[in-house]
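Inspection log for the structure reproduced underneath, given as structure tokens.
The values are calculated or read from the model by the stated rules, or taken from the named source; none is laboratory data. Quick caveat: nothing in here was measured; it's all calculated off a predicted structure. Cβ sites come from the backbone with ideal geometry, for glycine too, and all protein chains shown count toward neighbours.
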Amino acid sequence: MIPLRDNIPNDRFPVVTLVFIAINVAVFLFLQGPSFSFSGGDAVDTKPVVEYGAIPYRITHPDKECDLVPAERTTANIDTQVCEGTPEYEEATAANAIEDLNEPHPFITILTSMFMHGGWLHIIFNMLFLWIFGNNVEDAMGRVRYVAFYLLGGVAAALAQVAVSPDSTIPLVGASGAIAAVLGGYALLYPFARVLTLFFAFFIFILEVPALVLLGIWIVLQFLPAVGQLATPELGDSGGVAYFAHIGGFLFGLAAVHLFAHRRSSEYRGREPRYPVY
């Protein structure tokens, strides 16, 4: 399912949401160097992903470094990250195959990873969700509070995934966790907003559904594969999707929205039911 738009207009121009989108797009295009060829698929430069992505192993072992084994030095011919204290690192060191990286402190990568993405579809869908739901959440919080809410949501999301897979050496990248916090906040602020949504089943159809229904379906779809991820906490075994980051971000949004939001769109206030939303 793909949301196309909601029916809640903004009272104020969503400056921060647009800035977040611009930063994400700029980082993806100019730092990560995505492939523009059809044969290249969603490939991005591995080096900045390993440098600035949030690697759970580094976060739980802040005294350890993770470096890169370039594709030309591997038998599989793909770039591979290896971390100190693992057998793979020792083997790569013995073979003189490691390329040292200039990594920031692992706790800083929790922030930098929020603005990186794994491919074109990843960033396109994330930015679509951020635009549709983020502008109204920004409207409800004000710009400064929204910045804090977004960043803290991303931190909570990353830590949730690290808690489940503390020894994973696969970098976490993407705005999905912070956006999940935005979705959680939106679900409580505007549960009866109508969202025009494109559904894929046996055929394609478009429906206008309440936001609470759409976001409820979305979070259920995160929980189901997350259960399987408990058995195989390495992200590579779950299609590379950090489902617990999505869940952690969403739960943060539900829990913290009361602390940040102080108003709602005037358009929504005129339409909501007379019984309490919270």
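Some points to look at:
- Criterion violated by VAL162 - all others in (1) surrounded by 24 or more Cβ atoms within 10 Å (Cβ to Cβ); (2) within 22 Å of ILE23 (Cα to Cα); (3) among the hydrophobic types (A, V, I, L, M, F, W, C) satisfied: (2)
- ILE21, sole failed condition from (1) assigned to a helix (DSSP H, G or I); (2) touching a residue at least 40 places away in the same chain (Cβ under 8 Å); (3) over 30 Å from SER266 (Cβ atoms): (3)
- Residue match in the range 91-114 (condition: over 17 Å from the mean Cα position of the chain (by Cα) and of a type in the set (Ser, Thr, Tyr)): yes
- Considering the range 186-196, the residues that are in contact with a Leu (Cβ under 6 Å, 6 or more places away or on another chain) and under 20 Å from PHE125 (Cβ atoms) include one that is surrounded by the fewest Cβ atoms within 10 Å (Cβ to Cβ), namely LEU196.
- The set of residues in the range 102-118 being surrounded by fewer than 16 Cβ atoms within 10 Å (Cβ to Cβ) and either among the polar types (S, T, N, Q) or outside any helix (DSSP H, G or I) (or both) consists of ASN102, PRO104, HIS105.
Table: residues versus (1) touching a Ser or Thr at 6+ places or on another chain (Cβ under 7 Å); (2) closer than 22 Å to VAL162 by Cα; (3) surrounded by fewer than 18 Cβ atoms within 10 Å (Cβ to Cβ).
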site: ILE59; (1), (2), (3): no, yes, no
site: PRO70; (1), (2), (3): no, no, yes
site: ASN77; (1), (2), (3): no, no, yes
site: GLU84; (1), (2), (3): no, yes, yes
site: LEU128; (1), (2), (3): no, no, yes
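- Tally, over the range 252-273, of residues that are under 16 Å from PRO210 (Cα atoms) and modelled with pLDDT of 70 or more: 2
- Residue-level check: of (1) of a type outside the set (A, V, I, L, M); (2) closer than 27 Å to ALA71 by Cβ; (3) in the same structural domain as ARG58 (by TED's automatic domain parsing), ASN96 misses just (3).
- Criterion (buried (at least 17 other Cβ atoms within 10 Å of the Cβ), of a type in the set (S, T, N, Q) and modelled with pLDDT of 70 or more) met by exactly one of GLN229, GLN222: GLN222
- Failed item, numbered, when VAL27 is tested on (1) modelled with pLDDT under 95; (2) surrounded by 14 or more Cβ atoms within 10 Å (Cβ to Cβ): (1)
- Residues of the range 1-17 that turn out to be within 17 Å of TYR186 (Cα to Cα), among the hydrophobic types (A, V, I, L, M, F, W, C) and not in a loop (DSSP other than H, G, I, E, B), as a count: 3
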